[in-house]
Amino acid sequence: MINFQLASFLNGLSLLDVAKSRARFAEPQQFVDTSQAAIIRSNISAIASHCAQLNMPTALHRLSRIEVMLGSTTTNESLHHELSELFTAVEHDAYQEFFCHYQKDKLSHIKSMEAEWKIVFKSFKSTKSDAEAGVDCFALGHNTACVFHMMRVAEAGLRALARERSVKLPKQRPLEYGNWEEIIRETEREAEKIKNKPVSKNRDAAETFYTGCVSDLRHLKANYRNKTMHLRDSYDAGQAMSSIFRTKSFMLMVASKINEDHPRKINWRL
C-alpha cells in the first residue's frame with residue numbers, strides 16, 4: 001500500500017509548468033539564469049521522489065535529463081523542449097497506473113494511528129503491520145478485510161495473555177495450534193484462581209484486568225473472529241469501525257501489562 005498525497009505532486013508539476021511557460025516566452029537562445037535553474041532543479045528533486053514512489057520510469061528518465069542539463073549552461077529553447085517532453089512522459093506513465101482513494105471522512109483514523117496505538121506498537125511490535133493494514137482497508141471501504149486484520153492483531157494479545165497465565169492445552173499442544181475458545185476458556189480458568197487470594201486492592205486490580213480482557217475476547221470472538229474465519233458474514237463500515245475500536249481497547253489493556261518480547265508473569269503482589 002502506497003500512501004500518496006496528490007496535492008504535493010500536482011503542486012510540483014504546476015511549478016514546472018510555470019518554468020516551461022517562462023522558457024517559452026523568453027529569448028530562445030538566451031541562457032537560463034543560474035538562480036532560476038537552481039529553483040527548477042529543486043522542484044525536479046521533489047517531483048522525482050513522487051515519480052520514484054509511483055514507479056514512473058519514463059518521467060524519471062526525463063527528470064534526470066533536465067537535472068543534468070541544468071547543471072551547465074542551457075538555453076530557454078532547450079529547457080522548454082525538455083519540460084514539454086517531461087509532461088508528455090508523466091502523462092504516458094500515468095496511464096499505466098491505477099490508484100485507490102481514501103474516503104476523506106476516514107483519513108483521521110490513519111493520521112491518528114501512531115498516537116492512538118503507540119502503547120500497543122511498543123509492547124507488540126508484531127501487530128503493527130496488521131493494525132495499519134486494517135485501518136487502511138477501513139479507509140478504503142474494504143470492511144471485511146479490515147475485520148480480518150483486526151482479528152490477527154487481537155490474536156497476538158490473546159496468546160500473550162494465555163502465556164502470561166501459563167495456560168496448558170490438552171495433549172500438550174502449543175498455543176499456536178489452539179483455537180480461540182479453548183485458549184479463552186483455559187485463560188479464564190487460570191485467572192479464576194486469583195479469587196482464592198486474600199481480599200485486597202491488588203486482587204481487585206488483577207480481577208478487573210483479566211475479567212476485562214476475557215470479556216473483550218469473547219465479544220471479538222462471537223462478533224468478528226468466528227464469522228470472518230468461517231465465511232459466515234461480511235461487514236459494513238460501522239461494524240468495521242467497531243472492530244477497530246474493540247481490538248484497540250483490548251490490546252491497550254493487554255499492552256499496559258504484557259510485552260511480547262519479554263513475556264513474564266504480572267507481579268500483582270497478591
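Footprinting exposure proxy ranking of F124, F87, F98, fewest other C-beta atoms within 10 angstrom first, gives F98, F87, F124.
Around the Cα centre of region 182-270, unit charges on the Cβ atoms of Lys, Arg, Asp and Glu (plus for the first two, minus for the last two) sum to a dipole of about 300 debye. Using a Gaussian network model of the chain in which every pair of alpha carbons under 10 angstrom is joined by a spring, one finds that among L140, L231, L161 the greatest mean-square fluctuation is at L231. Using the Cα gyration tensor of the chain, with a ≥ b ≥ c the square roots of its eigenvalues, what is the shape: rounded (a/c below 1.5), prolate (a/b larger than b/c) or oblate (neither)? Taking the square roots of the gyration eigenvalues as a ≥ b ≥ c, the chain is prolate.
In straight-distance terms, cross-link reach from K257 covers every one of the lysines whose alpha-carbon lies under 24 Å from its own, apart from those fewer than eight places away in the same chain; here that gives K118, K122, K125, K128, K168, K193, K195, K197, K201, K221, K248, K265. For a modelled paramagnetic label at E77, 7 Å from Cα along Cα-to-Cβ, the residues of region 24-41 in reach, with backbone nitrogen under 13 Å, are 24, 26-31. Cysteines in the chain lacking any other cysteine Cβ under 4.7 Å from their own Cβ: C51, C100, C213. Residue separation of R65 and S234 scaled by 0.36 nm, minus their Cα-Cα distance, works out to 55.8 nm of gained length. The modelled label-to-label distance for the pair N226/E114, using points 7 Å beyond Cα in the direction of Cβ, is 4.0 nm.
How large is the helix-only mean residue ellipticity at 222 nm for the chain, computed as the sum of -39500 (n - 2.57) over DSSP H runs with n ≥ 4, divided by its residue count, in deg cm²/dmol to the nearest 500? Helices in the chain give a 222 nm mean residue ellipticity of -21000 deg cm²/dmol. Rounded if a/c is under 1.5, else prolate if a/b is larger than b/c, else oblate: which is region 104-255, with a ≥ b ≥ c the root eigenvalues of its Cα gyration tensor? Because a/c hits 1.5 or more and a/b exceeds b/c, region 104-255 counts as prolate. Rounded to the nearest 0.05, the FRET efficiency derived from the C-beta distance between D105 and N267 at R0 = 51 Å is 0.70.
Note on region 104-255: with charges restricted to the Cβ of Lys and Arg (+1) and Asp and Glu (-1), its dipole about the Cα centre is near 420 debye. Candidate cross-link partners of K171 among the aspartates and glutamates, defined by an alpha-carbon separation under 14 Å and a same-chain spacing of 8 or more, comprise E182, E186. Test of understanding: what is the full-extension gain from S126 to Q29, defined as 0.36 nm times their sequence separation minus their Cα-Cα distance? So the chain would gain 28.9 nm between S126 and Q29. The distance linking region 111-157 with region 1-49 is 38 Å (Cα centroid to Cα centroid, whole angstrom). The three principal axes of the C-alpha atoms in region 36-169 carry coordinate ranges of 77, 27, 27 Å, sorted with the longest axis first. Axis of helix 6-25 versus longest Cα principal axis of the chain: the two differ by about 0°, to the nearest ten degrees. Here the spin labels are modelled as points 7 Å beyond Cα on the Cα-Cβ line, and at A38 and R185 they lie 7.4 nm apart.
Taking other Cβ atoms within 10 Å as a rough exposure proxy, V167, V199 sort from fewest to most as V199, V167.
Counted by neighbouring Cβ atoms within 10 Å, the residues T127, T208 run from fewest to most as T208, T127.
For the chain, calculate the relative contact order in percent as a whole number, restricting contacts to Cα pairs under 8 Å that are 6 or more residues apart. With pairs under 8 Å counted, the relative contact order is 18 percent. Highest GNM mean-square fluctuation among E188, E82, E116, for the chain modelled with Cα contacts below 10 Å: E82.
FYI, it's all coordinate maths here, none of it is from the lab. The model shown is predicted, which means the values in this text are computed figures rather than measured ones. Cβ atoms come from the backbone with ideal geometry, glycine included; neighbour counts cover every protein chain shown.
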